[in-house]
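Novice: Mind having a look at this structure? Questions to follow.
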Amino acid sequence: MIMNIVIIMKGDNMKKVELKIKGMHCRSCVMIVSDALTDVKGVKSADVNLEHNMAVISYDEKVATEKQLISAVETEGYKVLR
Ligand SMILES: [Cu+2]
């Protein structure tokens, strides 16, 4: 299990997790992170919150992995915190 992801909910295939993200400072950062996450195949929704520096992501765990979510964020130059 990856330590920097908090599992909020786990259904049959759907999983809802929370990521702490470092480096976002404006609305366009939020857009970049949110687009990067929703571009991951299997991701249903990504709610990125600038004030709380976090993202809540719902995804199909048969299609996407936690590692893919983290690397999608980090590829854009942001850091996922533990
Ligand atoms: Cu920004």
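Since every read-out is calculated from the coordinates, none of them should be taken as a lab result. Everything numeric in this text was worked out from a predicted model, so none of it was measured. Cβ: placed from backbone, ideal geometry, glycine included. Neighbour counts: every protein chain shown.
Novice: For the chain, take the longest principal axis of its alpha carbons; what is the angle in degrees between that and the long axis of helix 66-75, to the nearest 10 within 0 to 90?
Specialist: Its long axis makes an angle of about 20 degrees.
Novice: Taking the chain as a Gaussian network, Cα atoms linked when under 10 Å apart, which of Lys44, Lys62, Lys20 shows the biggest mean-square fluctuation?
Specialist: Taking springs between Cα atoms under 10 Å, the residue moving most is Lys62.
Novice: Describe numerically, in nm with one decimal, the distance between label points set 7 Å from Cα along Cα→Cβ at Met14 and at Leu81.
Specialist: Each label point lies 7 Å from its Cα, and together they span 2.9 nm.
Novice: Another question, if that's okay. What value, in deg cm²/dmol to 500, does the helix sum -39500 (n - 2.57) over DSSP H runs of n ≥ 4 give at 222 nm once divided by the residues of the chain?
Specialist: Values: 2 runs with 22 residues, N = 82.
Here the helix-only value at 222 nm equals -8000 deg cm²/dmol.
Novice: Near Lys62, within a Cβ-to-Cβ distance under 12 Å, what is the net charge of the other residues, with Lys and Arg +1 and Asp and Glu -1?
Specialist: Here the charged neighbours net out to -1.
Novice: Another question, if that's okay. Given the Cα atoms of the chain, and with Rh set as the inverse mean 1/r over their pairs in the Kirkwood sense, what is Rg to Rh to two decimals? Present the calculation step by step, with values, prior to reporting the outcome.
Specialist: Working: Rg = 11.4 Å, Rh = 12.3 Å.
Looking at the chain, the ratio lands at 0.93.
Novice: I would also like to ask the following. Against the longest alpha carbon principal axis of the chain, how many degrees, from 0 to 90 and to the nearest 10, is the axis of helix 27-38 turned?
Specialist: Tilt of helix 27-38: around 20 degrees.
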